[in-house]
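Q: What follows is a single structure, and I will ask about it in a moment.
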Amino acid sequence: MNVLEVRGLSRAFGGVHAVRELSFAVAEGTVHSLIGPNGAGKTTVFNLISGIYAPSAGQVYLGGAEITDLAAHRRAALGLARTFQNLQVFANMTALENVLVGLHMRLDMGLLPQLLRSPALRGREREARAEARELMRFAGVERYADAFPASMPFGALKRLEIARAVASRPRLLLLDEPAAGLNQTETEDIDLLIRKIGDSGVTVLLVEHDMRLVMKISDRILVLDNGRKLGEGTPAEVRRDPQVIAAYLGAAALGPKAGDIHAE
Ligand SMILES: Nc1ncnc2c1ncn2[C@@H]1O[C@H](COP(=O)(O)OP(=O)(O)OP(=O)(O)O)[C@@H](O)[C@H]1O
Ligand SMILES: [Mg+2]
């Protein structure tokens, strides 16, 4: 069963064809990665899937139902969550409250201020806070529960943003460069976190430039170049694909024997 299917998706900005007739599917329970050079159209694909931009052509299906024309919040309610390449957390809320925003997506309790203040909802608020804390533990940022984002390290903020996205219990989670700007240890933490998310049954579509992370974690990889699909397959297939190597990976990125590197 495909959680996501994209058919003939295109989007231009003025004369720039950011995404061109792109079709692919993401099977339930897999980690699927989208890679390609800067400007290849990866974030635009995320924006089209999550409803931030409308496509100029093509369709998007979530769990078999067409969502092409739905507003972003409707898609979120149907089980789509994402993080952003340029980290987006609420600076005026504590880390825990940031996660509560994600929970609120699912709990259907009206506006967040009510969730936080209404006496009638206090019991559920306690539950929600306990669950938010549990999600923070899951993401390894529990110690920052009462901290404001300005006082948190960048690596913790990236994991906080992921915790908030996971809080909505999505069917499909889009992660746009979760390891960008992180050192090796922090990248390994993200690797583990994505694995745990995958193991919990959430399907993941990942955009990431860290090839070691991508090759380790992905069930399938789609390579974009100039808005077009250049190749698609398992990590082993993609790293052997001469077109992909020439356009993106480059011999240097894969070591001296790029053409015949084997799976593990
Ligand atoms: N809102 C926009 N307005 C105009 N052009 C845009 C817009 N969004 C994206 N583009 C253009 O579309 C192309 C694809 O951009 P996109 O951000 O999707 O690439 P990307 O693969 O995510 O790159 P990176 O790896 O640098 O994040 C680029 O040429 C970019 O300048
Ligand atoms: Mg991008």
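The values are calculated or read from the model by the stated rules, or taken from the named source; none is laboratory data. Here the structure is a predicted model, which means the values were calculated and not measured. In this analysis, Cβ positions are derived from the backbone assuming ideal geometry, glycine residues included, and neighbour counts consider all displayed protein chains.
Q: Given the criterion among the charged types (D, E, K, R) and modelled with pLDDT under 95, identify the matching residue among K196, K229, K257.
A: Within the list K196, K229, K257, the selection yields K257.
Q: Just a yes or no: is a residue in segment 148-160 surrounded by fewer than 20 Cβ atoms within 10 Å (Cβ to Cβ) and either within 16 Å of ligand 2 (Cβ to nearest atom) or among the charged types (D, E, K, R) (or both)?
A: no
Q: Criterion first (closer than 25 Å to L22 by Cα and surrounded by fewer than 19 Cβ atoms within 10 Å (Cβ to Cβ)) does P235 satisfy it?
A: Answer is no for this residue.
Q: While we're here: Do you know which residues across segment 135-146 are crowded, with 16+ Cβ neighbours inside 10 Å and either part of a loop (DSSP other than H, G, I, E, B) or in the same structural domain as A179 (by TED's automatic domain parsing) (or both)?
A: A139, G140, V141, A145
Q: Kindly provide the set of residues from segment 40-53 that are free of Cβ contacts under 8 Å to residues at least 40 places away in the same chain and outside any helix (DSSP H, G or I), ordered by number.
A: G51, I52
Q: Would you confirm whether any residue within segment 75-87 is within 16 Å of ligand 1 (Cβ to nearest atom) and loosely packed, with under 14 Cβ neighbours inside 10 Å?
A: yes
Q: Does segment 12-38 hold any residues that are free of Cβ contacts under 8 Å to residues at least 60 places away in the same chain and within 11 Å of ligand 1 (Cβ to nearest atom), and which are they?
A: Of everything in segment 12-38, those that are free of Cβ contacts under 8 Å to residues at least 60 places away in the same chain and within 11 Å of ligand 1 (Cβ to nearest atom) turn out to be A12, F13, G14, G15, V16, N38.
Q: Considering only residues that are of a type in the set (A, V, I, L, M) and surrounded by fewer than 23 Cβ atoms within 10 Å (Cβ to Cβ), look in segment 39-59 and name the one that is farthest from ligand 1 (Cβ to nearest atom).
A: Taking the candidates together, the pick is A57.
Q: Residues that are among the charged types (D, E, K, R), outside any helix (DSSP H, G or I) and closer than 16 Å to R82 by Cα: does segment 212-223 have at least one?
A: No: segment 212-223 contains no residue that is among the charged types (D, E, K, R), outside any helix (DSSP H, G or I) and closer than 16 Å to R82 by Cα.
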